[in-house]
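Values quoted throughout were computed directly from the atomic coordinates according to the rules given, and no laboratory measurement underlies them. The structure displayed is predicted, hence computed values, not measured ones. Don't worry about glycine lacking a Cβ; one is built from the backbone with ideal geometry, like all the others, and counts go over all protein chains shown.
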Amino acid sequence: MKNIIFGAGIVGISTGTFLEAHGEDVTYYDIDNKTITKLQKNGKKATEVMPSEWDICWMCTHENQLPKMIPSQSSSDSVIVIRSTVEPDFFDKVDTERVLHMPEFLREKNSLEDTFNPDRIVLGGKENKYTGIVLNLLSDIYVDVDIHIVPQKISSLIKLISNAWLSTQISFWNEMYDILDDHDKFRQIIPDIVTIDKRISKYGTMMLGNPFFEKGITKDLDHLINVGKNPILLKTVREVNNRLKDKIDNEKGRVLA
């Protein structure tokens with residue numbers, strides 16, 4: 001099948017590289033000339049002009065550019081798969097028959113590894129031929145990975161909630177880090193012992209004293225706060241993180257002064 005990668009950033013390159021590795025025809029489309037030139041020098045098919053014929057268009061552009069950037073169908077069977085993170089109400093603005101959602105769960109520094117070896121695939125779409133086309137492709141490639149088919153709004157919430165949970169763990173352990181200020185010798189030992197309990201994740205304990213800066217986690221937390229009905233816990237998670245970032249910025253300012 002002919003695949004268009006719409007937006008050649010981290011998510012787009014990872015998606016395209018994965019499809020190429022499995023024998024798929026991939027063309028990258030991006031409005032940035034330098035990005036296209038670099039891809040072409042690396043032997044990739046890349047263009048600044050949106051191709052007129054394609055089977056699946058993988059939308060990997062910034063969510064602010066959606067939905068106005070969604071292209072018209074190439075044919076009656078062409079499918080659009082949004083990989084960008086969007087809020088649930090985004091799908092009130094688009095044709096949910098042919099516009100699917102496959103959120104990415106990628107770490108910025110390990111995007112290729114996470115694309116090739118995901119722990120699950122979430123595909124938001126209706127039970128129709130468009131979802132079937134993408135599902136057939138994914139099933140042939142991800143033989144040993146569970147693929148969860150849900151409505152588009154639910155796939156959006158799964159992504160937002162996943163990152164909100166990660167950010168919550170980081171802020172929780174940073175609060176504990178402050179509480180343990182008078183026990184500096186045991187600041188890392190205590191989390192190490194606490195997380196021996198199999199019910200308690202180690203995630204967040206490796207970042208003690210450090211806020212989350214990763215754009216995806218920060219942005220998704222903000223998205224979920226916007227969706228929620230006065231989500232006090234999530235607002236507190238953000239407040240703890242912002243307070244720690246301000247503290248670090250102030251300390252850097254004093255050093256520079």
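From the alpha carbon centroid of the range 162-207 to that of the range 80-145 is 32 Å. Fewest neighbouring Cβ atoms within 10 Å first, the residues Ile82, Ile36 line up as Ile36, Ile82.
Would you list Trp165, Trp58, Trp173 from fewest to most Cβ contacts within 10 Å? Mind dumping the intermediate values first?
Working: Trp165 15, Trp58 28, Trp173 21.
Ordered by Cβ neighbours within 10 Å, fewest first: Trp165, Trp173, Trp58.
Once the Cα-Cα distance is subtracted from the 0.36 nm per residue extended length, the Lys129 to Trp165 segment shows a gain of 9.6 nm. Taken along the Cα-to-beta-carbon direction at a fixed 7 Å, the label points for Gln40 and Glu239 span 5.3 nm.
Nearest 500 deg cm²/dmol is fine: what mean residue ellipticity at 222 nm does the chain get from its DSSP H runs of n ≥ 4 alone, each adding -39,500 (n - 2.57), divided by its residue count?
Values: 8 runs with 112 residues, N = 257.
Result for the chain, helices only: -14000 deg cm²/dmol.
Multiplying the residue separation of Asp181 and Lys219 by 0.36 nm and removing their Cα-Cα distance gives an extension gain of 10.7 nm.
So for the chain: antiparallel DSSP bridges make up what percent, rounded to the nearest 5?
Details: 1 of 23 bridges.
Antiparallel: roughly 5 percent of the beta bridges in the chain.
Full extension of the chain segment joining Gln188 with Lys229 gains 11.2 nm, where the gain is 0.36 nm per residue of separation less the Cα-Cα distance.
Taking a point 7 Å out from the Cα of Ile31 in the direction of its Cβ, the residues of the range 94-119 whose backbone N falls within less than 20 Å of it are 94. FRET efficiency for the Asp95 to Glu251 pair, using the beta carbon distance and R₀ = 51 Å, is estimated at 0.50. For the chain, find the longest principal axis of its Cα atoms and tell me its angle to the long axis of helix 215-227, 0 to 90°, nearest 10. Helix 215-227 sits at roughly 90 degrees to that axis.
What FRET efficiency, computed as 1/(1 + (r/R0)^6) with R0 = 45 Å and r the Cβ-Cβ distance, is obtained for Ile196 and Ser52, rounded to the nearest 0.05?
Values: r = 58 Å, r/R0 = 1.30.
Efficiency at R0 = 45 Å is approximately 0.15.
Cβ crowding within 10 Å ranks Tyr29, Tyr203, Tyr142 as Tyr203, Tyr142, Tyr29, fewest other Cβ atoms first. Rounded is the label for the range 2-150. Its Cα gyration tensor axes, ordered a ≥ b ≥ c, give a/c under 1.5.
Projecting label points 7 angstrom from Cα along Cα→Cβ for Thr17 and Asp114 puts them 1.3 nm apart. Working from Cα pairs under 8 Å separated by at least six residues, relative contact order for the range 91-177 is 34 percent. Principal-axis analysis of the Cα atoms of the chain puts helix 10-21 at an angle of about 50° to the longest axis. Calculate how steeply helix 232-256 sits against the longest principal axis of the alpha-carbon atoms of the chain, using the helix alpha-carbon long axis, and give the answer as 0 to 90 degrees to the nearest 10. Roughly 70 degrees, rounded to the nearest 10.
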